[in-house]
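The values are calculated or read from the model by the stated rules, or taken from the named source; none is laboratory data. Just so you know, these numbers come straight off a predicted model, no measurement behind them. Every residue, glycine among them, receives a Cβ derived from its backbone with ideal geometry; neighbour counts consider all protein chains shown. Only protein heavy atoms, including side chains, enter the accessible area calculation; ligands, DNA and RNA are left aside. Shrake-Rupley method; radii C 1.70, N 1.55, O 1.52, S 1.80 Å.
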Amino acid sequence: MAELRQRAAVEMEATIDSIGDDLLHNILSRLPALACANAACVNRSWNLIITSLLSLPNLSSALSINPSLQDAVNEAVDKVLSKPVRPQFAIASVGPTFSLQQAHQLITGKLGSRIPIITLISQGIFGCNAVNDEFEEVQWQFIENDEAHPDHGNENHGVLLTVGFFPGLKVRLIPLLSKTQGTQALMIDELVRNIRECSSSVSGSTSPVAILLFSDHETDMKPVLQKLDYAFSPETVIVGEGGSQFLYQGEAAVNHCNDTEYSSAAVALSFLRDTGNPPGVGETQFHVVLAPGIAQIGPTYKAVAVKERPKDFSTWLTAKREAQVESLDGLTMLDQIYDEFGGDLYCSALYTGVSKRRKCSIGKERASWIYLQEFHEVLRGDEEYLYVNGVGIRSGDPFQFYLANANATRDSCNNASNSLTCLKRDLDHQNAGRSTSNNVNSKKSVFGCIMFSCCGRGEFFLQPILDCSPFMENFPGITFSGTFSAAEIARGDLSPYGPASEEHSSLRCCLHVYSTVYLIMSYTPALPST
């Protein structure tokens, strides 16, 4: 009897394998992740095919608006794992009605403890619905007490889960800690050193390929981004979002939510070039497109009297226009801007873009000058001062006013679409001469995009999906998802804001307002060896 069973098994195996590698590859590529892992144990040929499938670049994302947290997590996880994928990391965004702690426990329980996972509460989510495969955009209304407003509470639910596998890269999660004892201080130098050491141990370079940053609403990310921009190679991509509650897990990263000495102010998902790859692994690349939603208005001013108010995180200042001696109070400046701009200035979000020249260093390294522009929201103005949000402005710093409006948003979307069209053309040009055969694709391609968009855009401009259109039109069918945020992080210069003067051309800008950031991932397969 045992001999008959063994013979039958051999005959069945021979029958399945006889269908050919191409058809078998097609069948196995449709298996869910867990079934695919089990199938890899059948025999050597299946294992080779599945190993090749799991070595392909993959960004998988799913959204659920189920009012039950358990069901929403199940729907999102089942969808992202419905095809072969070997997750290196996971990012989950949940609605404010859901418990962040419970959501994090459910997601880590589903995905395991071996990969970095970040769970956060964002301002909204967008992506492919796990149930009907339709693209959806959901913005949540934040109120002080959802329980007292059940109608709003029922709307503020949802889960967006994104997992990814990027060939040629390793992913490490490194938190930014803040001391809670005595004088509170962000341990920024420690963050930079940890990223450098981690990157050097994996790639031999102190600069990672990319960093995804997530910070809480109490953390001032301006000094953090100043040092990250200063410390790492210009080729290192830095993007992310600020103003979110978050929890995380990583190999050596521990949440400090119950720590009395330290707290986690931000977390960095670092992507490191893996020099230990076997032959045949291609290159994953990141591309960033920024679509600002603010436009410059009025003349240039220079700060004169500056008073910082750290307790309420604001700055009071007077200023003067260039080539003028008289100092101006806040009311006068706003009246001048209103007279020159007209329209509904007082109904729109107004910011100052302050140009800063500062010295920067990491630890005991020799300090160097950096040149940057940072945005501060205008709170109000009176006959004494202009009041702006944030600190870090000094007397003598030049600044201009910027206004958030729908026209700037539409123009920036058109520019983003043009940039993505150029990226698509570049890929087509690079693919000339490359071919696809025997299930081996040698063409460079975009395989996913994560987007961070200001919560003031989208539906608030009465045009939902507006910011999604540039990518979806240029790369239809490619995984695309993202979140609405309170602050958008994108390392770069001022070129997306329009033509810059010679003195502004060298300014760096990493933290944006009313903007959308597109992080596009592409993959270049290794050329077949001859």
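Observations on the structure shown:
- Calculated from backbone phi, Karplus (6.51, -1.76, 1.60) coupling profile of segment 70-77 in Hz, x at Gly/Pro: 4, 5, 5, 5, 4, 5, 5, 5
- Couplings for segment 364-370, taken from phi via the Karplus curve 6.51 cos²θ - 1.76 cosθ + 1.60 with θ = phi - 60°, read 9, 5, 5, 6, 10, 7, 10 Hz in order; Gly and Pro are left as x.
- Protein-only accessible surface order, largest first, of Tyr351, Tyr514 at 1.4 Å: Tyr514, Tyr351
- Label-point separation in nm, Asp78 to Glu377, each point 7 Å along Cα→Cβ: 4.0
- Taking a point 7 Å from the Cα of Asp339 along the Cα-to-Cβ direction, the residues of segment 373-415 with backbone N closer than 19 Å to it are 381-386, 400-402.
- Paramagnetic label zone (point 7 Å from Cα along Cα-to-C-beta, Thr421; backbone N under 18 Å) in segment 472-500: 472-476
- Looking at segment 261-345, the chymotrypsin sites (Phe, Trp or Tyr not before Pro) that sit in a DSSP loop and have at most 12 other Cβ atoms within 10 Å of their own Cβ are Phe313.
- Here the calculated FRET efficiency for Lys359 and Arg410, from their Cβ-Cβ distance with R0 = 41 Å, stands at 0.55, rounded to the nearest 0.05.
- Residues whose placed amide H lies under 5 Å from that of Asp274, excluding near-sequence neighbours: Leu169, Lys170
- Contour minus Cα-Cα distance for Thr51 and Ser469 (0.36 nm per residue): 147.0 nm
- Potential extension, Ala432-Gln141 segment - 0.36 nm per residue separation minus Cα distance: 100.0 nm
- Added length on full extension, which subtracts the Cα-Cα distance from 0.36 nm per residue, Lys179 to Lys307: 43.5 nm
- Working from label points 7 Å from Cα in the Cα-to-Cβ sense, the Leu23 to Ser395 distance is 8.4 nm.
- Sorted largest first by accessible area at a 1.4 angstrom probe radius, with every protein chain in place, the residues Leu177, Leu34 fall in the order Leu34, Leu177.
- For peptides 444-451, 44-51, 122-129, 199-206, sequence by mean Cβ density within 10 Å, most packed first: 122-129, 444-451, 199-206, 44-51
- Once the 1.4 Å probe is applied to the protein heavy atoms, segment 168-244 comes out at 38 Å² accessible per residue.
- Calculated SAXS-style log₁₀ I(q)/I(0) at q = 0.18, 0.23 Å⁻¹ - segment 311-375, Debye, Cα scatterers: -0.91, -1.16
- When a 1.4 Å probe is rolled over the protein heavy atoms, the share of accessible surface on segment 258-409 that falls to carbon and sulfur comes to 46 percent.
- Projected area averaged over orientations for segment 206-318, convex hull of C-alpha atoms, nm²: 11.6
- Pairwise FRET efficiency - Ser233 versus Glu261, Cβ, R0 = 35 Å, nearest 0.05: 0.60
- Taking GluC sites (Glu not before Pro) across segment 59-140, the ones in a DSSP loop with at most 13 further Cβ atoms lying within 10 angstrom of their Cβ are Glu134.
- The distance between label points at Glu190 and Ser113 comes to 2.3 nm (points 7 Å beyond Cα on the Cα→Cβ vector).
- Under the Karplus curve 6.51 cos²θ - 1.76 cosθ + 1.60, θ = phi - 60°, whole-Hz ³J(HN,Hα) for segment 80-94, x wherever Gly or Pro sits: 5, 9, 7, 10, x, 7, 10, x, 9, 7, 8, 10, 10, 10, 10
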